[in-house]
Amino acid sequence: EHRFRLADERLAADAEGPVFYCLSHGTRPELRAATLMMLASAYVTVGRAAEAHALVGEALSGFAAAPSASRASVLNFAASLRGMEGRFSLARDLAREAAGISRDRFGEDQTLHYIDMHEAAFAGKNDRVVVIVDELLRRLESEPLPLHIAHLTTNGALVTWANGDDESFKRYIALLSDV
């Protein structure tokens, strides 16, 4: 087995302990990318963004170094992280590189959600946030992804609530309840 330092199995219980996550040496790059993104996302959730960025950096200089769909996935994930941090120029550069390797609708949707929507939210452009969230919801109408829809509507509800847009807030909360 080839060991990759990816995340802590006990993230919720012990946010400080190190751990190794093992994947066999022959694990396909797309599975490595998916595993890495889930574990890095868990790091971000518990406030350990530096570790998440280190994992992403290791992947981009390791198994996802060459242009491939796996690299594009990891780049889109990195772009999302940077967008959530408000580092929009860097996020756009990463998303552009990913799109240059492998265009896919999910990556484009992530760019809209985590870069464009967050930038609009940071700038107080509530109308633009609503347009973006509504467009993403429209794109997801035929997709059986209730948790993804719930996450998106929660973000939309949070931003519209903070901006005093009661109508959109209530609409997103109703959709969240339905999902």
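Side notes on the structure shown:
- Segment residue 128-residue 167, length gained on full extension (0.36 nm per residue, minus Cα span): 12.6 nm
- Among residues other than residue 92 with Cβ under 14 Å from its Cβ, the summed charge is -3 (Lys and Arg +1, Asp and Glu -1).
- Taking amide H positions as modeled 1.01 Å from N, with prolines and chain starts lacking one, the residues under 5 Å from residue 23 and 5 or more places away or on another chain are 2, 4.
- Proximal charge balance of residue 157 [Cβ under 15 Å; K/R count +1, D/E count -1]: -3
- Spatial separation of Cα centroids for segment 158-179 and segment 58-134, in angstrom: 24
- Segment 96-179: C-alpha gyration tensor shape, a/c 1.5 cut-off, then a/b vs b/c: oblate
- Interatomic Cα distance distribution for segment 36-176, bins of 10 angstrom, percent: 12, 39, 36, 12, 1
- Summing Lys and Arg as +1 and Asp and Glu as -1 over all other residues whose Cβ lies under 10 Å from the Cβ of residue 111 gives a net charge of -1.
- Taking 0.36 nm per residue of sequence separation and removing the Cα-Cα distance, the residue 178/residue 145 pair yields an extension gain of 10.6 nm.
Bear in mind that the values in this text are calculations on the coordinates, not laboratory data. All figures in this text were calculated on a predicted structure; none of them were measured in a lab. No Cβ is skipped: glycine too gets one built from the backbone with ideal geometry, and neighbour counts run over all protein chains shown.
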